[in-house]
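A short worksheet on the structure shown next.
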Amino acid sequence: MDYGTISKIEKARRYAEEPERITFNHLTIEFKGDNSSYNISLDENGWHCTCPGFHSHHICPHIMSLERLFSKMLKRDPLPYAHGQNVVSDVEKAARYAHETDRIRFITFDVVFKGNNSDHHTVLGHDGWDCDCSDFKRSAYCSHTIALERILKNMLPQLAGGS
Ligand SMILES: [Zn+2]
Ligand SMILES: [Zn+2]
């Protein structure tokens, strides 16, 4: 590995320990629940999940588990508990799900990544990574994409040609 690559990996290692540098703007996730899989999204209209609990209460244990796992990268207030929601059961489920990260598969997201010098826009799309930094333009990966890979690990899709 050349010096540039080593310094990128060093930087990514530091970034991965500082997840508060990252803020999710949009994300889509496939979430394996106890009985079936659901699609979760976060966008300018807020959270959405295709599960029946969310349909009734606009909150569900799937989203609650993501709030636990990624609070530093979401930077938004947790969804309020709803009238008629089984809070005890949902809190218990969310705590369990947050330890079972193989249930979670990111499909797409875009984040703002606060680098040492400036903010960058890093995207996971259906075709893989994109970032607006100069390193990424040169080599199709950068300290931002490496840091996100370190943080999200098995929750990322298996990208063709990915590292
Ligand atoms: Zn749900
Ligand atoms: Zn980058």
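The values are calculated or read from the model by the stated rules, or taken from the named source; none is laboratory data. Fair warning: this is a prediction, and the values are worked out from it, not measured in the lab. Cβ atoms come from the backbone with ideal geometry, glycine included; neighbour counts cover every protein chain shown.
Things to note:
- Condition check for S143: within 16 Å of ligand 1 (Cβ to nearest atom), modelled with pLDDT of 95 or more and small (G, A, S): no
- Listed by position, the helices (runs of 4 or more DSSP H) enclosed by the range 70-163 that each have at least 2 residues that are within 16 Å of ligand 2 (Cβ to nearest atom) and surrounded by fewer than 14 Cβ atoms within 10 Å (Cβ to Cβ) are 134-139.
- Any hit, the range 20-40, residues being at pLDDT 95 or above, in a helix (DSSP H, G or I) and either surrounded by 13 or more Cβ atoms within 10 Å (Cβ to Cβ) or not aromatic (F, W, Y) (or both): yes
- Hey, I146 among the β-branched types (V, I, T) and over 20 Å from H26 (Cβ atoms) or not: yes
- Check on M64, within 16 Å of ligand 1 (Cβ to nearest atom) and part of a helix (DSSP H, G or I): yes
- Residues satisfying the stated conditions in the range 117-128, i.e. touching a residue at least 24 places away in the same chain (Cβ under 8 Å) and either among the acidic types (D, E) or over 22 Å from R103 (Cα atoms) (or both): H120, T122
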